[in-house]
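For reference, the structure is listed below as structure tokens.
The values are calculated or read from the model by the stated rules, or taken from the named source; none is laboratory data. It should be emphasised that the depicted structure is a prediction, and the values quoted were computed from it without experimental measurement. Cβ: placed from backbone, ideal geometry, glycine included. Neighbour counts: every protein chain shown. Side chains included, ligands, DNA and RNA excluded: accessible areas come from the protein's heavy atoms. Shrake-Rupley method; radii C 1.70, N 1.55, O 1.52, S 1.80 Å.
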Amino acid sequence: MADIVKPVLNGPVTLSISILFGTLCSMTVQTLYNRQINLHKSLISTVEEVRELQWLVEGFPEPYKGTSHALLACFLTESFSDFQRNQVTPESLRYHEMTQMLVLLNELSKEEESPDIIVCEAYGCVHRLK
């Protein structure tokens, strides 16, 4: 009797386990692929925001222009070195350069001859980067 029941139970159980394993593998691969795509999109958007901010910084008066370029270079260096070392954590993503850039923009907005539209757009870029 066990010889008759054994193949009947093993067939559906083996098939179910095979389907579950295949589903688990495909979900894992899809999750990793989506994570890679999201990381790629975030890196591209970060680079585009930094590039736009660099163009906006060109309209700043001289003491602010040099400091802004230095802060952006430091931001890019720190960002990509974290990614290369695989040490991206929530703490490492809180870059101090963007906080310093906000302070610089606050000082620049107090100037009488500050380009208001450029400063406003720069604020937007910094907030999106943060």
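Couple of notes before you dig in:
- Answer residue from region 79-130, given it is more than 18 Å from Leu39 (Cβ to Cβ), assigned to a helix (DSSP H, G or I) and among the small types (Gly, Ala, Ser) and is farthest from the chain's Cα centre (by Cα) among those: Ser109
- In region 58-80, residue farthest from Ile117 (Cα to Cα) [restricted to those that are open to solvent by less than 60 Å² (accessible area, probe 1.4 Å) and in contact with a Phe, Trp or Tyr (Cβ under 8 Å, 6 or more places away or on another chain)]: Ser79
- A search for C-beta distances below 8 Å between a residue of region 105-123 that is open to solvent by 90 Å² or more (accessible area, probe 1.4 Å) and of a type outside the set (S, T, N, Q) and any residue that is at pLDDT 85 or above and part of a loop (DSSP other than H, G, I, E, B), counting only pairs 6+ apart in sequence or on different chains, returns Glu113/Pro61.
- Any hit, region 34-42, residues being of a type in the set (Ser, Thr, Tyr), part of a helix (DSSP H, G or I), under 12 Å from the mean Cα position of the chain (by Cα) and surrounded by 10 or more Cβ atoms within 10 Å (Cβ to Cβ): yes
- Hey, Gln30 open to solvent by 70 Å² or more (accessible area, probe 1.4 Å), closer than 22 Å to Leu129 by Cβ and among the polar types (S, T, N, Q) or not: no
- Meets criteria (part of a helix (DSSP H, G or I) and at pLDDT below 90) for Leu56: no
- Members of region 91-104 that are within 17 Å of Leu71 (Cα to Cα) and open to solvent by 60 Å² or more (accessible area, probe 1.4 Å): Leu93, Arg94, His96, Thr99, Gln100, Val103
- Checked against the criteria, Ser16 counts as exposed (fewer than 13 other Cβ atoms within 10 Å of the Cβ) and out of contact with any Pro (no Cβ under 9 Å at 6 or more places or on another chain).
- The set of residues in region 50-78 being in contact (Cβ under 8 Å) with a residue 24 or more places away in the chain and more than 24 Å from Leu39 (Cα to Cα) consists of Leu56, Val57, Gly59, Phe60, Pro61, Tyr64, Thr67, Ser68.
- Residues of region 28-49 that turn out to be among the hydrophobic types (A, V, I, L, M, F, W, C) and in contact (Cβ under 8 Å) with a residue 24 or more places away in the chain, as a count: 1
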